[in-house]
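First up is the structure itself, then whatever we jot down about it.
The values are calculated or read from the model by the stated rules, or taken from the named source; none is laboratory data. Note that the coordinates shown come from a computational prediction; the quantities given were computed from them, not determined experimentally. Here the Cβ positions follow ideal geometry from the backbone for every residue, glycine too, while neighbour counts run over all protein chains shown. Surface accessibility is based on the protein's heavy atoms, side chains included, excluding ligands, DNA and RNA. Shrake-Rupley method; radii C 1.70, N 1.55, O 1.52, S 1.80 Å.
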Amino acid sequence: MVPCRRRYPLLFQLGRQVDAATPPTRWVPAHVPGAVQLDWARATGLHDYTVGDNVKQWADLDESYWTYRSTIDGVPLMGEGERLYLVFEGIDYAGEIGLDGRQLCAFAGMQTPIACDVTGRLRAGSVVTVHLAPAPKSRPEPRDRTQADATCKPAVSYGWDFHPRLIPLGIWREAYLDVRPAVHFAEPPHVNYELSDDLTVARGAVEVRLNRATVGPGWRIRWTLTAPDGSAALQQELLLENGVTRAALPFSLAKVLLWWPHDQGTPILYASRVELIGPGGTVVDRIEARVGFRRVRLVMAPDQWKHPGPTDFPKSRSYPPVTLEINGRATFAKGSNWVGPDIFPGAVTAERLKAQLTLARGANFNLLRMWGGAAAPQDLFYELCDELGIMVWQEFPLACNRYPDTRDYLVELDRESRSLIVRLRPHAAVVLWCGGNELFNSWSGMTDQSRALRLLNRNCYELDPARPFLASSPVEGVGHGHYVFRDPITGREGWEMFQAARCTAYTEFGCPATPSADTLRRILPGDELWPPRAGTAWETHHAFGAWLPSSHLYLEEIEHYFGPSDSLEQLVERAQLLQSEGLRGMFEEARRQKPVASMALNWCFNEPWPGAANNSLVAWPCEPKPALVAVGEACRPTLASARVRKFSWSPGEVFDPELWLLHDGPDVGPGVEIVAWLESDGARQRLGSWATTELEPNQNQRGPCLEFTLPEWAGPRFTLRLEVAAQPGWNTSYTLIKARGEETKRDVVVPQGATNF
C-alpha cells in the first residue's frame, strides 16, 4: 500500500552573520533538531558550557543573526494530484523562510508549525534558507527575565536561579519535505467527547479540518477505534457534503474503558485511525493516534466555600477550586515541577525523556506541572505520560513578568497558544491548562482582567472546553514555597511550616542539595572545588548568590545541624540528607491535610544544566539524587507515616511522633498494626503500636501521639522506624539528628516569591 504521506528529512548547514544584510562567510554542519549555539560550538571549539565558567563564552551568541541553508539534491517523485510541502514543526524563534532567494513566509514563535506549499517551485539544486533574528528582548537592560515580557519565548532562558543566561535559537523540532495528497487533513482530527453521568458512555464527534474544499460527490470520513485488546470498538463513516473543509462525525461508544492516572487505575488507551476516502474508495489521507477517555474537573474541597472571607453572598473571592476530580473521584496529586531537562529543547533525546519519566513514575508521581517559565516539550513527552498514567498540568509561556495588552504581543500569544492547544489536546494525560507562573503578585502585576489571560481562557474554552483552566499559579489558598530546609530568618523548619499551614494545594516547595561529588568534580575546576566559596564556579553553577546570597548551598544551615564538613563527600552527604528528609516530611504532611489539601508538587523535578546546588530531584543530565527515593517513598499509595515536630532533638526531650496511615488509592482492606521503633547506637527501643481500622478508599487514618523521653546516645543520628508486619511495603523510616545547640537568627532579605504560607 502506498502511504498517504511521504516524508524526506533535510540536511542543513549554518552560518553566523554580523547583521541581517551581510551573508555568512563561513558555513558549518548543523544538527536538526538542535540549536545554533550547539552547532557553532562544535565547529569553532567553544568549551563545554556545563563546565566551570565556560558558559560565559556562549553569552553573546543569541545577539547574532543566523542562517540555515539546505540544498535539495533531488525533488521527491510525486503522483497525480499530490502536493509537496516544506515543513518545520518548530523554529525558535523569529525570522523568515526562503527558497532560492525569495521569501516564502515570516515566522515568530516556538510552538507554531510551518508548512509551505512548494509544489512546482522546487528543483534539484534549490536552496532552502531559514534566517533567524537575534533573541527577542523588549529592552536592552537589565539583562534578566524582564527582557522576555513581550514575547512567547520562555523566560527561563534569560537567566534564573537554576538556569544560566543562555538563550537558545534554532530549528528545535523536525524539518522535512512532505509529499501530501491534494486534499488532506490540515491538522490532526480532534476526538471531542463527553462522558455520560455514569461514565459508561462516551458521546461526541470526530472533528476534522481539510486543507481545502472537496470537489464532487463521494468523499467520506471513516473513523476506526480499536480497543486495547485489539478488538474493534467502533467503525463509522460520514459522507461529506460537496465543497466542505470542516466536518464532524458523531459517535456514541458504550461500555467505554476509562483512562486513569496510574495510582487510581489503568491508563487505558484506544487506537484511533481517521481516514479521508476519495470518490473512488481510495484512502487519500490517514492520521493515526491514541485516545484516552476520561472526565476531568477542578472542584472545591469539602467546606471550601466557608473559607476565606465573608460567609454570605457574594463569594467571588473564595479560594478557587484546585482539587482534581478524575472520572468522578477526587484525586490527590503527587508530583513535581518539570522545568525542562536541557537548556536546549532541541537537544533533548528520546532516551533522556524516557529515562526521566521512568524515574517520575518510579517515584509514584501521578502529576507533573509543566512550569510556564520553560518550553513545552516534544510530543514524545506527552505520549509517554499517556502511557504511564502521569497527569500533566500544562502552562503557557508566561512567568514572573507583566505581559502587555499590546496588539503585537496578543497576536503572537494567540497564534502560539492555539498551536499548543491543538497539539496537546489529544493527550488524555493533559488534565489542566494554566495561564502561567506567578502572575498574580506585586512583581508581575497581572490580574484576571489582563488581556493575555482573558485571551488564553478564551482559546482554551473554544478549542478544548472540557479541560479546566487556571489563570495563574499560585492562586489564593495555594501554598507556594518555601525552598529551604530551615528558614534563615525565623529558624523555622520546613516541617514546622507545613504543619502550621492550611492550604488547598502545595504547588511549589523544596529543599536544596548538591548533586553527587563525582558530578561536582566534573563541572567545577579542581582548584575551586574545596572549600566551596562565592566568586568561583560554585557561584556560576548557582550554589551562591542564586536567590539569597548563600543559596542554594546554604552552608550555614548545614553547619547549624552538623558542624563544619571535613570533605566534599561529607558535605554532599549532609546536604542530600537534609533534602531527602525535608521533602519526605513535607510530602507526607501535605497528604495528611487531605481532603482540604489536594496537591503536593515539589520544586523541582529536573534541571536544564548541572547546578552545584539547587532544589532538583534529578541532576543533569539524568542523575537521580537520594531525595528522589525518599520522595518516592512518601508518595506511595499507602504508607505508615509519622508527624514529627522537628529534625534535631536533645537527650531528655519528650519525643512525640503522631502516627498516621496515609492512603490515596481506590482500594479497601483490613486494618493493620503499626509498630514504632527508635533506633540509636545499634540498640532498638519499642515506642508503641497502633491498630488501624479497615482501610477505606482514598481515606487517611489518624492514630495516637506517642511520647518517649529520649535517652543519652553517642552517635549524631537516630532513626524512627514504623513497621507494618502484614504490609512490609508500607514501612517507613525517618533519619533524625542530635541537636548541637541553640540556633541563631539572621537578618536576611526575603526574595520575591519566597513563600505565601
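Observations on the model:
- Among beta bridges from DSSP that stay inside the chain, the antiparallel ones total about 80%.
- Label-point separation, R123 to C705 (7 Å along Cα→Cβ), nm: 8.7
- Tail beyond 18 Å, pair distance distribution of segment 449-575 (Cα, percent): 65
- Amide H contacts under 5 Å for D92, placed H, 5+ residues apart: G170, I171, W172
- Listed residues T25, Q727, C622: farthest to the positive end of the dipole of the chain (Cβ charges): T25
- For the pair segment 154-233 / segment 534-566, the C-alpha centres are spaced 46 Å from each other.
- Simple label model, 7 Å out from Cα along Cβ direction - R502 to R317, nm: 1.9
- Residue-normalised convex hull volume from the C-alpha trace of segment 101-256: 240 Å³ per residue.
- Remark: the chain carries 39 Å² of accessible area per residue (probe radius 1.4 Å; ligands, DNA and RNA excluded).
- Between L239 and V411, the FRET efficiency from the beta-carbon distance, with R0 = 35 Å, is close to 0.40.
- DSSP finds beta bridges in segment 253-312, and of those with both partners inside it, around 90 percent are antiparallel.
- Annotation: E723 carries an accessible surface of approximately 50 Å², with a 1.4 Å probe and no ligand, DNA or RNA atoms counted.
- Portion, in percent, of the accessible area of the chain that falls on carbon or sulfur, probe 1.4 Å: 52
- Taking a straight Cα-Cα cut-off under 22 Å and skipping sequence neighbours fewer than 8 places away in the same chain, the lysines within cross-link reach of K646 are K594, K738, K745.
- Expected 222 nm ellipticity per residue - DSSP helices of 4 or more, -39500 (n - 2.57), all of the chain, to 500: -5000 deg cm²/dmol
- Potential lengthening of the chain between T282 and D100 amounts to 62.0 nm, from the contour at 0.36 nm per residue minus the alpha-carbon distance.
- Rounded Å value of the spacing that divides the Cα centres of segment 435-511 and segment 349-381: 20
- Under Karplus coefficients 6.51, -1.76 and 1.60, residue-wise ³J(HN,Hα) of segment 427-443 in Hz, glycine/proline x: 8, 4, 5, 6, 10, 7, 9, 9, x, x, 9, 6, 9, 9, 6, 5, 7
- Centroid-to-centroid separation of segment 627-656 and segment 22-83 [C-alpha atoms, Å]: 50
- Accessible surface ranking that places the most exposed of W677, W223 first, with a 1.4 angstrom probe: W677, W223
- FRET E, pair A714, C116, Förster distance 56 Å, beta-carbon r, rounded to 0.05: 0.15
- K354-V18 pseudo-label distance in nm [points 7 Å out on the Cα-to-Cβ vector]: 4.8
- Given their separation in residues at 0.36 nm each and the Cα-Cα distance between them, R521 and A271 gain 85.2 nm when the chain is fully extended.
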